[in-house]
Amino acid sequence: MKKIGFDSQKYIEEQSKYILERVNDYDKLYLEFGGKLIGDKHAKRVLPGFDEDSKIKILQKLKDKAEVIICAYAGDIERNKIRGDYGITYDMDILKSIDEFTEYGLKVNSVLITRYSGQPATKVFINKLEKRNIKVYTHEAIEGYPYNIDQIVSDEGFGKNPYIPTTKPIVVVTAPGAGSGKLATSLSQIYHESKLGRIAGYSKFETFPVWNVPLKHPLNIAYEAATVDLKDVNMIDSYHYEAYGEVAVNYNRDIETFPVIKRIIERITNKESVFKSPTDMGVNRVGFGIIDDEVIKEASREEIIRRCFDTECFHKRGMVDDDVVNRIQVIMEEMELKKEDRHPVVPARDYAAKLKQEKNLLGLTPVSVMAFELPDGQIITGRSTDLMDSSAAAILNSIKYLANISDEILLLSPVILETIRKMKDVDLRSKITALNANEVLIALSISAVTNPTAQIAYEKLSALEGTQAHSTVMLNKDDEQILKRLGMDITSDPVFSSENLFYI
């Protein structure tokens, strides 16, 4: 049984109360949301007990007082930037978010495209949104932002941006990822609200770093590991210490830009800012939800190792530079961690080495093996064959173990599997004929209708949630997403599964 270290209900209550206290100071509060509003897997992993949908549930409690503006940087849309957690592009993530917000009863006011200059692919996306009756606004880049305050707070700066009319006292400003322009959007809106004679304020819904746990706490180091490509570094908030004599943790970008943001707000409102530090700007009650610090520390160390594997795989695919890998390795050394500390790593590698020896394969030849560490601590492995890949094999082996079904008993008829494989090969002309995890699960669900043993095994799929998985080769996107949907945490060695450039 996984240990719990975080009280999610207490956190939701604390955070909701704190937001409402902020709202009372203004006619309208622009609340910037960093991180993921729905499905915050990072927070769930490092804070066992954290409800991954707690942020949206907080907003759902405030739905009568809140509406949403979704920001997207035109350059991210143009280059089809991918969200690594979902494996979808930013434009698709925006569509997904609109659907999810609507399901939770939250009003989506509009989509704002930032730093827009007529980019072709972005224009197509705008047309797509407008055809679905979604309001779209665009902001051009402001020369000198954020440091040329005279230019920014003028008719040639924020004044050139169209004002987005809103009706609720809380305006949530969110985005698919960092660098989307959430802060600039909030400040631009505050500028226009001020011109209209309304008192508007700004706050930032924060999760990480956690300001009231130590700087070098594994929880905060795990945030550095998660944002290593952004070069985020946790620091002591010197402004907060100077104002209150209290140690608070923040990160470099917020601390570096705080004086500028403070001056912009003061220039807009013509009065001294109520914020004395970047920590003041945040609404962050995560630290008050921690109920077992040792559980949080251990979970955070595990996350750092996972992030190291992810970073090395990104590097292997050419997605990040050498300095990003160097930085994550420094973090690993700082925390005295090794990749082999992750439990399924050594069993996967040992089984792959054994298969190589049995087949007399050369040292560099990749062998695809998947190892699962199930929630009860049991290690189960699977290997790729001509019939199915390692992810599919590991899933079948795991649910057989959980259902107490003997290895000798077949869950799926070889005739059925071979028929599917042949269809892929002959009829669909696929270069990859081995069945993947998704195809095997579909076959299992069909077999469960007539095969009681398959039905028993099928019912154990939900028990795979929380499984730690490691592959000796980098997985394709389909298998990776299936394992994630089953609730597994996956890592891979930075090894290509074959020499093919496309069919992998």
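Points worth noting:
- Contacts under 8 angstrom Cβ, first residue in the stretch 12-38 being touching a residue at least 60 places away in the same chain (Cβ under 8 Å) and of a type in the set (Phe, Trp, Tyr), partner open to solvent by 60 Å² or more (accessible area, probe 1.4 Å) and part of a loop (DSSP other than H, G, I, E, B), 6 or more apart: Tyr26/Ile199
- For the residues Asn148, Asn161, the requirement of being within 25 Å of Arg79 (Cβ to Cβ) and more than 25 Å from the chain's Cα centre (by Cα) singles out Asn161.
- Every residue from the stretch 424-470 that is out of contact with any strand residue (DSSP E or B) (no Cβ under 9 Å at 6 or more places or on another chain), within 16 Å of Ile405 (Cβ to Cβ) and of a type outside the set (Ser, Thr, Tyr): Leu444, Ala448, Asn451, Pro452, Ala454, Gln455, Ile456, Ala457, Glu459, Lys460, Leu461, Ala463
- Residue in the stretch 351-360 that is part of a helix (DSSP H, G or I), crowded, with 17+ Cβ neighbours inside 10 Å and in contact with a strand residue (DSSP E or B) (Cβ under 6 Å, 6 or more places away or on another chain) present: yes
- Residue match in the stretch 180-194 (condition: at pLDDT 95 or above and open to solvent by 50 Å² or more (accessible area, probe 1.4 Å)): no
- Residue list for the stretch 227-253, restricted to those being open to solvent by less than 30 Å² (accessible area, probe 1.4 Å) and either free of Cβ contacts under 8 Å to residues at least 12 places away in the same chain or under 23 Å from the mean Cα position of the chain (by Cα) (or both): Thr227, Val228, Asp232, Asn234, Val249, Asn250, Tyr251, Asn252
- Test: residue in the stretch 327-348 that is within 23 Å of the chain's Cα centre (by Cα), buried (at least 21 other Cβ atoms within 10 Å of the Cβ) and among the polar types (S, T, N, Q): no
- Checked against (1) closer than 20 Å to Gly118 by Cα; (2) modelled with pLDDT of 95 or more, Pro165 passes all but condition (1).
- Some residue of the stretch 382-391 being assigned to a helix (DSSP H, G or I), at pLDDT 95 or above and not assigned by the TED database to the domain that holds Thr227: yes
- Residue match in the stretch 268-278 (condition: under 20 Å from Pro214 (Cβ atoms) and open to solvent by 50 Å² or more (accessible area, probe 1.4 Å)): no
- Looking only at the stretch 424-436, residues that are more than 17 Å from Arg383 (Cα to Cα) and surrounded by 13 or more Cβ atoms within 10 Å (Cβ to Cβ) come to 3 in all.
- Pick from the stretch 441-470, criterion over 13 Å from Pro375 (Cβ atoms) and of a type in the set (S, T, N, Q), ranking: least open to solvent (accessible area, probe 1.4 Å): Ser447
- In the stretch 473-483, the residues that are under 21 Å from Asp40 (Cα atoms) and crowded, with 17+ Cβ neighbours inside 10 Å: Asp479, Glu480, Gln481, Ile482, Leu483
- For the stretch 1-58, the tally of residues that are assigned to a loop (DSSP other than H, G, I, E, B), under 14 Å from the mean Cα position of the chain (by Cα) and not acidic (Asp, Glu) stands at 6.
- Of all residues in the stretch 114-127, those satisfying the criterion of being surrounded by fewer than 14 Cβ atoms within 10 Å (Cβ to Cβ) and either touching a Leu at 6+ places or on another chain (Cβ under 7 Å) or of a type outside the set (Gly, Ala, Ser) (or both) are Pro120, Val124, Asn127.
The values are calculated or read from the model by the stated rules, or taken from the named source; none is laboratory data. Here the structure is a predicted model, which is why all the values come from computation and not from measurement. Cβ coordinates were reconstructed from backbone atoms using ideal geometry, including for glycine residues, and neighbour counts include every protein chain displayed. Keep in mind that these areas ignore ligands, DNA and RNA; they rest on the heavy atoms of the full protein, side chains included. Shrake-Rupley method; radii C 1.70, N 1.55, O 1.52, S 1.80 Å.
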